[in-house]
Amino acid sequence: MQKKSDPTEDGPASSDFNYELPQDLIAQSPAAKRDGSRMMRVHRERAVRPEASLVRSLADYLEQGDLLVRNRTRVFPARLRGQRLPGGGAVEVLLLQASPDQGPDCWQALAKPLKRLRPEQKLSFSGGGSDGGTIEARVRAIRNGYLWLDFAPGTEVLACAERLGEIPLPPYIERPEGPTPEDRARYQTIYASDTGSVAAPTAGLHLTEAIFESLALKDVGVAEVVLHVGAATFLSGQPGRGSGTVEPETYFVPEET
C-alpha cells in the first residue's frame, strides 16, 4: 500500500533549524569512491565527543542482530528545459509527480520563470538529454507556486524524461553547464529500483556492495522501504510553527519489511 506522509499541525518553526554553513565546506563533487566519504560517529553516551570516520567503516559500528533500513527509491531526470509557445522564451520545469486527479496525463511541477506562464499556454521541451526528440505540454493551472501540465494523451512522461531530462541536482551543487554524465550515475544509490524521486536519499549514496557484504558477514540485517523524495529539497521553508508548509511525500513499506 502506498501512502502519503503528512506534516503535523504542531511542531517547531522552520527557523529553528537555521544554521550557518560556509560555502567552501559544501562539496561540489563526490568522493572518488562512494564509501570514501566522511562519516560522523555519535556515541550514545553524551559525555563522549563525536568522532570522525569513513562510511566504509560502517560495519565496524554495527553488531549481529542490528538492522539497516535503506530507501530504494530511484531519482528520475525530472528537470526539463524548453521554450514557451509562441515566442520561444526559455522555460525550465521540474516534474514532481503525476496528478491523475487533475487529468489522465497531468503532472504537477515547479517552473521558472513561473510568472511568465499562463493557463492554456503551450510548452515544448527538447533540452537536457542526449537522445533527441521533443514533447509538448499545455499549462492546465498555476496555484500556490506550482504548475500543472497536461501532456498529449498516452504520453509516457517518465520515458520522455529519461531521454530528454536532467538529473535535478540540489541548488547547493553548482553546475553552470548542467549536470554531467558522472552526476547522473553518482546521484543515485546502487540499489535504486522504484522510480519517483526528484532528489536522492543522500545518506544512501555512499553505500557500496562491499559494505553490504561486510554487513552480511556480521549477520546485520537489511530491509527496504520506498520514500519518494519530493519538492521540499528545492523549496525554501516558510517561517511559522505548524504552518503546513512541509510537502507530503509518497512512501511504501513492503510486507517483508
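Things to note:
- Working note: Karplus 6.51/-1.76/1.60 with θ = phi - 60° gives the range 51-63 the couplings 10, 8, 8, 10, 4, 4, 8, 3, 4, 5, 9, 10, 10 Hz, where Gly and Pro are set to x.
- Sorted by Cβ density within 10 Å, fewest first, the residues 189, 73: 189, 73
- Distance between the range 144-167 and the range 16-69 - C-alpha centres, whole angstrom: 36 Å
- What you get for the chain, charging only the Cβ of Lys and Arg (+1) and of Asp and Glu (-1), is a dipole of about 820 debye around the Cα centre.
- From phi via Karplus (6.51, -1.76, 1.60), per-residue ³J(HN,Hα) for the range 144-156 in Hz, x at Gly/Pro: 6, x, 10, 10, 10, 10, 9, 8, 4, x, x, 5, 7
- Along the chain, the longest continuous region that contains none of the trypsin sites (Lys or Arg not before Pro) in a DSSP loop with at most 12 other C-beta atoms within 10 Å is 47-240.
- A dipole drawn for the chain from +1 and -1 charges on Cβ atoms has a positive end, and of 221, 103, 93 the residue lying farthest that way is 93.
- Pair-distance profile P(r), taking every C-alpha pair of the range 44-86, with 10 angstrom steps and integer %: 15, 25, 24, 14, 11, 9, 1
- Once divided by 2.2 N^0.38 Å, the Cα radius of gyration of the range 79-164 becomes 0.97.
- Mean-square fluctuations from a GNM of the chain, with a 10 angstrom spring cutoff on Cα atoms, peak among 170, 50, 30 at 50.
- Computed from backbone phi, the HN-Hα couplings of the range 182-187 come to 5, 4, 4, 7, 7, 8 Hz, rounded to whole numbers (Karplus: 6.51 cos²θ - 1.76 cosθ + 1.60, θ = phi - 60°; Gly and Pro given as x).
- When only the Cβ of Lys, Arg, Asp and Glu is charged (+1, +1, -1, -1), the dipole of the range 79-164 relative to its Cα centre reaches about 520 debye.
- Enclosed volume per residue, in Å³, of the convex hull spanned by Cα atoms of the chain: 175 Å³
- Among 134, 22, 47 - extreme Cα towards positive end, dipole of the chain, charges at beta-carbon: 134
Each value in this text was obtained by applying a stated rule to the coordinates, not by laboratory testing. Computed from a predicted structure; not experimentally measured. All Cβ positions, even for glycine, are placed from backbone atoms using ideal geometry, and neighbour counts span all protein chains on display.
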